[in-house]
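Trainee: Can you keep this structure in mind? I'll have questions shortly.
The values are calculated or read from the model by the stated rules, or taken from the named source; none is laboratory data. Since the structure is predicted, the reported quantities are computational estimates derived from the model, not experimental observations. Ideal geometry is used to build each Cβ from the backbone, glycine not excepted, and the neighbour counts take in all protein chains shown. Quick note on the areas: whole protein, heavy atoms, side chains included, nothing else; ligands and nucleic acids left out. Shrake-Rupley method; radii C 1.70, N 1.55, O 1.52, S 1.80 Å.
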Amino acid sequence: MRLSVSERVASWYSRYFPHDFIFAILLTLVAIFCAYAFTASSIGEVLDAWFNGIPMLFTFAFQLMFTYAAALVLVDTPVVQRWIIKAASTIKTPTAAYLITGIVGALTSFLGWYIGPVVTSIFARTVGKQIKGVDYPLLASIAYSSFTISLTGISGTIPLFVSTEGELNTQLFGGIISLDKTTFSTLNIVSCLAIVTVTTLIYYFVAKNKKKITSFQDLAIDNEEIASSIEPEVTNSSMKVEKSFADKINDFRPTILVIGLIGFVYLFYYFSKNGMAGLNLNTVAFIALVMGLLVQKDAVSYSKSFSKNLISTGSIGLQFPLYGGIASVLMVSGLAGKLTDYIVSVSTETTFPILTFLVTGFINLFIPSAGSQFTATAPFFIPAAEALGVEMPRAVMAITYGDIWTNLVQPFWTLLYFPILAAGTRLQVRDFLGYCLPILLAVGVIWILALMFLPI
């Protein structure tokens with residue numbers, strides 16, 4: 001069977017791209033070597049920066065692990081399974097599955113980078129299981145690439161940062177840059193719509209030319225214990241067992257229901273007071289917890305389900321701290337600053353946004369956290385943009401776009417999707433990341449043209 005071009009690219013990627021943990025280790029070694037070789041930092045200073053940087057993402061890692069384990073507990077329950085299956089049953093063809101997954105992913109990611117991965121992964125997983133003829137690695141790629149516009153959306157780290165009062169903003173910009181000049185600018189809205197449209201068309205043709213279909217069932221693990229970590233438990237009601245007092249307490253549903261209802265009522269109070277501004281990663285984690293408490297049958301079932309599903313989030317707890325170490329090495333050693341200094345020295349008003357976008361994309365391979373990267377590079381990029389006469393919002397969006405762009409080939413953020421998409425299967429990141437390569441090229445062209453020609 002002769003595979004399509006996209007399938008050959010994805011197959012090549014799968015053969016030669018290492019495991020995502022190996023990727024993180026290799027980037028760590030490259031960062032340490034380059035920081036020592038190309039800066040005045042001693043090896044001791046470089047290793048100190050690495051050591052101090054690893055704990056930087058401990059809190060973030062646990063927030064994500066808790067959120068995804070709680071979300072998976074919610075998926076575990078029969079009632080939620082029925083809702084999801086009903087929604088998925090409205091999709092009748094593989095083409096519709098691909099297109100709707102991409103649109104759902106884009107909309108939810110624009111609303112919140114911490115919302116999109118949970119909703120889209122659950123939706124894609126269910127669709128992949130229910131609809132015959134769906135290629136699951138391709139569907140996983142569509143789900144993940146929908147994340148591309150996330151940090152240009154309402155929850156975008158950099159636009160929110162520059163719109164908030166702070167010492168760094170005062171020093172760099174002399175004040176704040178409001179969201180109407182970044183997130184809701186013509187530049188950003190038009191480019192986002194173009195990305196969703198072009199991405200949808202690319203995946204349509206990739207799917208149309210698919211020669212080999214790898215279904216969810218093909219990737220499913222036969223081992224009952226592992227596979228059941230994502231599936232709802234089924235009990236045999238015909239079995240009568242004498243229960244002790246402790247068993248009766250454990251099985252007493254009001255215990256878990258009361259605390260869930262208290263949390264539910266509090267959410268109404270919280271959002272009435274804070275509005276959508278109160279929506280963040282901590283809020284999403286709390287919502288997942290409360291909803292799980294409301295639909296699980298008892299406290300022990302919740303605890304068991306959470307423990308099983310927490311195993312699926314182990315890659316987050318392992319790899320996020322490593323990237324914190326990489327970010328610290330590049331920032332503390334000044335290596336990131338050296339690279340941006342060079343770009344500034346060869347830029348003009350016209351080329352600066354494009355070079356900023358490309359360089360930020362490269363740095364993102366080593367510092368995939370938007371906040372960390374902006375903190376490291378903004379003190380160099382922003383004064384240069386001002387000196388060259390570049391609009392500040394355009395410079396900010398150039399950094400933002402570059403930070404997101406190479407996520408399409410950098411496996412760091414796939415960890416937001418992987419615990420749900422891959423649980424109970426043999427799916428690996430390298431199986432679907434190769435399909436993102438044409439999206440990387442298309443998105444790069446769109447953002448370059450937008451930075452060159454679209455008004456703020």
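Trainee: Checking the condition within 29 Å of Phe306 (Cα to Cα) and either open to solvent by 30 Å² or more (accessible area, probe 1.4 Å) or free of Cβ contacts under 8 Å to residues at least 60 places away in the same chain (or both), which residue from Ile142, Ile54 passes?
Mentor: The unique qualifying residue is Ile54.
Trainee: Looking at Ile287, is it touching a Leu at 6+ places or on another chain (Cβ under 7 Å), without any contact (Cβ under 8 Å) to a residue 60 or more places away in the chain, hydrophobic (A, V, I, L, M, F, W, C) and assigned to a helix (DSSP H, G or I)?
Mentor: Criteria met by Ile287.
Trainee: Of (1) among the aliphatic types (A, V, I, L, M); (2) open to solvent by 40 Å² or more (accessible area, probe 1.4 Å); (3) free of Cβ contacts under 8 Å to residues at least 60 places away in the same chain, Ala384 satisfies all except one. Which?
Mentor: In the conditions (1) among the aliphatic types (A, V, I, L, M); (2) open to solvent by 40 Å² or more (accessible area, probe 1.4 Å); (3) free of Cβ contacts under 8 Å to residues at least 60 places away in the same chain, Ala384 misses (2) alone.
Trainee: When you scan segment 229-240, do you find a residue that is modelled with pLDDT of 75 or more and among the aliphatic types (A, V, I, L, M), even just one?
Mentor: No; the residues of segment 229-240 include none that is modelled with pLDDT of 75 or more and among the aliphatic types (A, V, I, L, M).
Trainee: Right, here's the next one. What about Leu99, is it closer than 22 Å to Ala442 by Cα and open to solvent by 40 Å² or more (accessible area, probe 1.4 Å)?
Mentor: Answer is yes for this residue.
Trainee: What number of residues within segment 296-316 are assigned to a helix (DSSP H, G or I) and surrounded by fewer than 19 Cβ atoms within 10 Å (Cβ to Cβ)?
Mentor: Matching residues across segment 296-316 total 8.
Trainee: Go through segment 331-375 and report how many residues are open to solvent by less than 10 Å² (accessible area, probe 1.4 Å) and either outside any helix (DSSP H, G or I) or of a type in the set (Asp, Glu) (or both).
Mentor: 2
Trainee: Consider only pairs whose beta carbons are under 9 Å apart and that are at least six residues apart or on different chains; among these, list those whose first residue lies in segment 431-456 and is within 18 Å of Ala398 (Cβ to Cβ) and open to solvent by less than 40 Å² (accessible area, probe 1.4 Å) and whose second residue is not in a helix (DSSP H, G or I) and not small (Gly, Ala, Ser).
Mentor: Leu440/Val409
Trainee: A follow-up question, please. Return the residue satisfying two criteria in turn: it lies in segment 208-219 and is open to solvent by 30 Å² or more (accessible area, probe 1.4 Å), assigned to a helix (DSSP H, G or I) and not basic (Lys, Arg), and of such residues it is nearest to Leu107 (Cα to Cα).
Mentor: Gln217
Trainee: Checking the structure you have, find out if any residue of segment 6-19 is aliphatic (A, V, I, L, M), in a helix (DSSP H, G or I) and modelled with pLDDT of 85 or more.
Mentor: For segment 6-19, residues aliphatic (A, V, I, L, M), in a helix (DSSP H, G or I) and modelled with pLDDT of 85 or more: absent.
Trainee: Still on this structure: Which of the following residues is over 24 Å from Tyr136 (Cβ atoms) and at pLDDT 90 or above: Met397, Met392?
Mentor: The match here is Met397.
Trainee: Of all the residues that make up segment 409-430, how many are within 25 Å of Phe380 (Cβ to Cβ) and open to solvent by less than 10 Å² (accessible area, probe 1.4 Å)?
Mentor: 2
Trainee: Continuing with this model, one more query. Residue pairs, Cβ under 8 Å, 6 or more apart or interchain, first in segment 302-319 and modelled with pLDDT of 80 or more, second open to solvent by 50 Å² or more (accessible area, probe 1.4 Å) and in a helix (DSSP H, G or I). List them.
Mentor: Gly317/Phe62; Leu318/Phe21; Gln319/Phe21
Trainee: Determine if segment 74-93 includes at least one residue that is in a helix (DSSP H, G or I), touching a Ser or Thr at 6+ places or on another chain (Cβ under 7 Å) and of a type in the set (Asp, Glu).
Mentor: yes
Trainee: Suppose we filter segment 186-209 for residues that are under 19 Å from the mean Cα position of the chain (by Cα) and either farther than 16 Å from Tyr435 by Cα or not β-branched (Val, Ile, Thr) (or both); how many remain?
Mentor: 1
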